[in-house]
Amino acid sequence: MEKTAPTPQAGDDNAGNDDVVSLLMRQHGDIRNLFDEVENATGDERRDAFHRLVRLLAVHETAEEEVVHPFARRNVPGGDGVVEERLAEERGAKEVLASLEDMDPDSPDFAARLLELRTAVQEHARAEERYEFAHIRRSGDAGRLAMMARGVKAAEAMAPTRPHPGVESGTANVLLGPVAALMDRTRDAVRSAMGG
């Protein structure tokens with residue numbers, strides 16, 4: 001059996017990990033690249049690329065839910081509304097993603113739904129970059145950005161392997177993981193990484 005390629009995680013490109021916005025922007029690029037890989041592959045290669053995409057989307061969103069959204073709620077003008085809009089976008093993308101998991105990756109229906117997912121994810125990423133990331137970079141000093149980057153990496157290490165539709169909080173996502181104790185470990189890992 002062939003070994004599958006690892007799922008990219010923030011910082012895998014060996015660039016500096018001291019700025020949460022740069023780290024998350026690199027992940028947006030990794031997500032776009034995985035969409036390309038899924039679209040251009042067939043058979044087992046497509047299935048493998050899709051599973052890596054699902055994992056990356058899950059860990060990316062969980063990290064944002066644990067680290068980015070709380071900061072945005074407190075520090076971005078109209079932060080509660082901004083975060084609620086991002087959570088609604090995530091919910092819609094997770095629903096499309098859930099429908100894809102039960103499909104044959106080589107079917108025409110899969111390709112159409114994948115395009116729908118890609119469009120939703122890209123629109124969501126652009127909104128994050130505009131309404132959250134830009135404000136985070138302006139509002140956070142270098143120390144805060146570095147602390148948040150450590151928190152994102154800690155959340156990724158503990159994140160569930162797939163997103164759960166209707167569950168748009170990191171805590172609830174983790175509860176649906178294989179072990180309920182994962183919730184406490186994730187929270188502890190994020191707090192420890194962020195110095196709290």
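The values are calculated or read from the model by the stated rules, or taken from the named source; none is laboratory data. None of the values given here were measured: they were computed from a predicted structure. Cβ coordinates were reconstructed from backbone atoms using ideal geometry, including for glycine residues, and neighbour counts include every protein chain displayed. Heads up: the accessible areas ignore ligands, DNA and RNA and are worked out on the full protein's heavy atoms, side chains in. Shrake-Rupley method; radii C 1.70, N 1.55, O 1.52, S 1.80 Å.
Both the radius of gyration and Dmax for region 22-105 are 14.8, 47 Å, in that order, over alpha-carbon atoms.
Of the solvent-accessible surface of region 21-160, computed with a 1.4 Å probe and all protein chains present, 48% belongs to carbon and sulfur. In the context of the full set of protein chains, region 21-93 has a per residue accessible area of 38 Å² (1.4 Å probe).
For region 44-157, the spherically averaged projection of the C-alpha convex hull amounts to 7.3 nm². Sorting 135-145, 120-130, 52-62 by their mean Cβ neighbour count within 10 Å, with the most densely packed peptide first, gives 52-62, 120-130, 135-145.
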